[in-house]
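Structure first, commentary second.
The values are calculated or read from the model by the stated rules, or taken from the named source; none is laboratory data. The shown structure was predicted, so the numbers you read here are calculated from the model rather than taken from an experiment. Cβ placement follows ideal geometry from the backbone for every residue including glycine, while neighbour counts extend to all protein chains displayed. The protein model used for the area step is the full one, side chains on, heavy atoms only, and it has no ligands, DNA or RNA in it. Shrake-Rupley method; radii C 1.70, N 1.55, O 1.52, S 1.80 Å.
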Amino acid sequence: MKKVVFPVLFLLSLTAYKNIEEPEYIDIPELRKLYSSGDVSLWPAPELHENVDKNTFQDIGVLPGVTYPDYNPYSKEKESLGKILFFDPRLSKSGQIACASCHNPELGWTDNLTRSFGHDRQTGKRNSMTILNSGYAKTLFWDGRASSLEDQAQFPIGDPLEMNEKLTLAVDKIAKIKGYNSLFTEAFGDKKVTQERIQYAIATFERSINSPKSKFDQFVSGKSDAYTDSQVKGMHLFRTKAQCINCHNTPYFSDNQFHNDGQTLFGTKNEDFGRYNVTKDVKDIGKFRTPTLREAVNTKPWMHHGHFPSLLDVVELYNLGNPSPIQKKYLGTARDSLIPKADPMLKKLDLSKEEITDLLAFIETLSTPTRRIMTPTLPQ
């Protein structure tokens with residue numbers, strides 16, 4: 001009897017080990033068929049955290065057309081004026097910094113720096129977000145302090161760390177440039193230069209900066225051979241085991257909400273309370289707006305502080321459940337109530353190396369080749 005028991009127990013232990021070490025079986029041909037069917041209703045159900053509102057949840061997919069607000073409808077002339085203003089450094093106090101200084105079209109419409117340089121070569125506090133597809137964002141900046149692209153356009157001009165110019169003076173400088181007279185007349189009906197018109201024109205241009213169809217868009221629209229097997233598995237992992245879909249959902253690949261991902265850097269020189277700085281609500285300490293993953297490959301480095309030089313670093317962090325150190329030295333102090341609480345959706349994922357490779361392969365399909373645009377000639 002003893003001779004029989006030992007081999008059976010040994011085989012059971014091997015079976016248990018196999019189940020732990022080997023990834024779950026995935027029927028790639030079936031997933032390829034479903035995901036490239038062009039019908040989202042046929043996709044496998046996403047694995048959503050209990051905190052995700054199932055009633056408002058929208059799955060990933062092809063971006064719809066950009067919607068322009070009724071108070072600032074689109075016109076070609078307004079977009080053209082906005083593009084020129086976007087590249088005009090005369091909006092800044094030094095006359096050397098333009099919107100395009102931190103949002104370079106050849107660098108994914110960002111600057112690929114950890115922190116951007118501003119007035120007098122001062123370094124900003126956060127990584128510069130791309131303006132690609134920003135027309136789909138419900139709020140702007142990492143902390144969401146701007147409610148629209150029109151609202152957003154005024155912030156960099158007056159920020160002492162960025163363009164450092166009083167808005168009234170910036171308007172006056174543009175108004176004195178004769179070459180702008182005809183441009184404002186074409187865009188707004190007369191040559192009058194106002195802060196609102198500058199903001200509206202820049203916002204109109206920014207809404208035109210959108211991604212062309214990515215490999216992802218082609219695949220889910222019916223081009224089933226657009227993806228490798230690795231990318232098919234990565235897409236499925238994105239929506240299931242890897243849990244990315246909890247925050248990076250909708251065709252914009254962002255839920256347009258705010259989450260604490262454990263990167264407050266509490267108690268360090270880089271401490272940043274994020275959304276709390278806008279709302280002053282303790283519940284918002286350490287929360288930042290979910291960035292889009294579209295064009296993510298082209299917008300390095302990553303996170304609000306720009307401390308992650310590769311997407312692998314980002315995925316590895318989330319795979320570990322984004323553990324943040326316990327701030328024991330602050331317990332019982334005046335800062336005790338300010339210790340940030342990470343989002344409960346963060347948990348250890350136990351992704352294998354192969355699964356991480358597949359996930360990254362999928363994320364890369366959300367980006368497109370960098371396109372050059374013609375830099376406008378500035379009015380004189």
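Would you please name the residue that is farthest from MET345 (Cα to Cα), looking only at residues in region 252-263 that are buried (at least 19 other Cβ atoms within 10 Å of the Cβ) and out of contact with any His (no Cβ under 8 Å at 6 or more places or on another chain)? So that I can check it myself, show each step before the final result.
Residues of region 252-263 buried (at least 19 other Cβ atoms within 10 Å of the Cβ): 252-255, 258-263.
Filter once more, keeping what is out of contact with any His (no Cβ under 8 Å at 6 or more places or on another chain): 252-253, 258-262.
Working: TYR252: 20, PHE253: 17, PHE258: 12, HIS259: 9, ASN260: 10, ASP261: 9, GLY262: 11 Å.
Per the stated criteria, the residue is TYR252.
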Qualifying residue in region 264-277 (condition: part of a helix (DSSP H, G or I), in contact with a helix residue (DSSP H, G or I) (Cβ under 7 Å, 6 or more places away or on another chain), open to solvent by 20 Å² or more (accessible area, probe 1.4 Å) and closer than 16 Å to ASP343 by Cβ)
yes
Reported set for region 281-298 where residues are of a type in the set (Asp, Glu) and open to solvent by less than 20 Å² (accessible area, probe 1.4 Å) is GLU295
Region 222-231: number of residues that are among the hydrophobic types (A, V, I, L, M, F, W, C) and either open to solvent by 20 Å² or more (accessible area, probe 1.4 Å) or touching a Pro at 6+ places or on another chain (Cβ under 9 Å) (or both):
0
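Yes or no: ASN322 under 30 Å from SER367 (Cα atoms), more than 16 Å from the chain's Cα centre (by Cα), modelled with pLDDT under 95 and open to solvent by 30 Å² or more (accessible area, probe 1.4 Å)? Before the answer, list the steps.
Values: under 30 Å from SER367 (Cα atoms): yes; more than 16 Å from the chain's Cα centre (by Cα): yes; modelled with pLDDT under 95: yes; open to solvent by 30 Å² or more (accessible area, probe 1.4 Å): no.
Criteria not met by ASN322.
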How do the pairs read when you match residues in region 37-57 that are under 16 Å from LYS347 (Cβ atoms) with residues anywhere that are open to solvent by 40 Å² or more (accessible area, probe 1.4 Å) and at pLDDT below 95, using Cβ under 9 Å and keeping only pairs 6 or more apart or on different chains?
LEU48/LYS54; HIS49/PRO344; HIS49/LYS347; GLU50/PRO344; ASN51/PRO344
Filter region 299-319 for residues that are out of contact with any strand residue (DSSP E or B) (no Cβ under 9 Å at 6 or more places or on another chain) and open to solvent by 40 Å² or more (accessible area, probe 1.4 Å); which is nearest to ILE245 (Cα to Cα)?
TYR318
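Has region 334-345 got any residue that is at pLDDT 95 or above and open to solvent by less than 30 Å² (accessible area, probe 1.4 Å)?
Filtering region 334-345 down to residues at pLDDT 95 or above leaves none.
Scanning region 334-345, I find no residue that is at pLDDT 95 or above and open to solvent by less than 30 Å² (accessible area, probe 1.4 Å), so the answer is no.
Report, by residue number, each residue of region 234-251 that is over 16 Å from LYS287 (Cβ atoms) and either of a type in the set (Val, Ile, Thr) or open to solvent by 20 Å² or more (accessible area, probe 1.4 Å) (or both). Walk me through how you get there before you give the answer.
Of the residues in region 234-251, the ones over 16 Å from LYS287 (Cβ atoms) are 234-245, 249-251.
Correct list: HIS236, THR240, LYS241, GLN243, CYS244, ILE245, THR250.
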Tell me which residues, restricted to region 189-217, are touching a Phe, Trp or Tyr at 6+ places or on another chain (Cβ under 9 Å) and open to solvent by 50 Å² or more (accessible area, probe 1.4 Å).
ASP190, LYS191, LYS192, LYS215
Restricting region 74-101 to residues that are open to solvent by 70 Å² or more (accessible area, probe 1.4 Å) and out of contact with any Phe, Trp or Tyr (no Cβ under 7 Å at 6 or more places or on another chain), which is nearest to GLU196 (Cα to Cα)?
GLU77
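Please work out if SER221 is closer than 25 Å to GLY65 by Cβ and touching a Ser or Thr at 6+ places or on another chain (Cβ under 7 Å). Full working, then the answer.
Values: closer than 25 Å to GLY65 by Cβ: yes; touching a Ser or Thr at 6+ places or on another chain (Cβ under 7 Å): no.
No, not satisfied.
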Condition check: aromatic (Phe, Trp, Tyr), open to solvent by less than 40 Å² (accessible area, probe 1.4 Å) and within 18 Å of TYR200 (Cα to Cα). Does PHE141 satisfy that?
yes
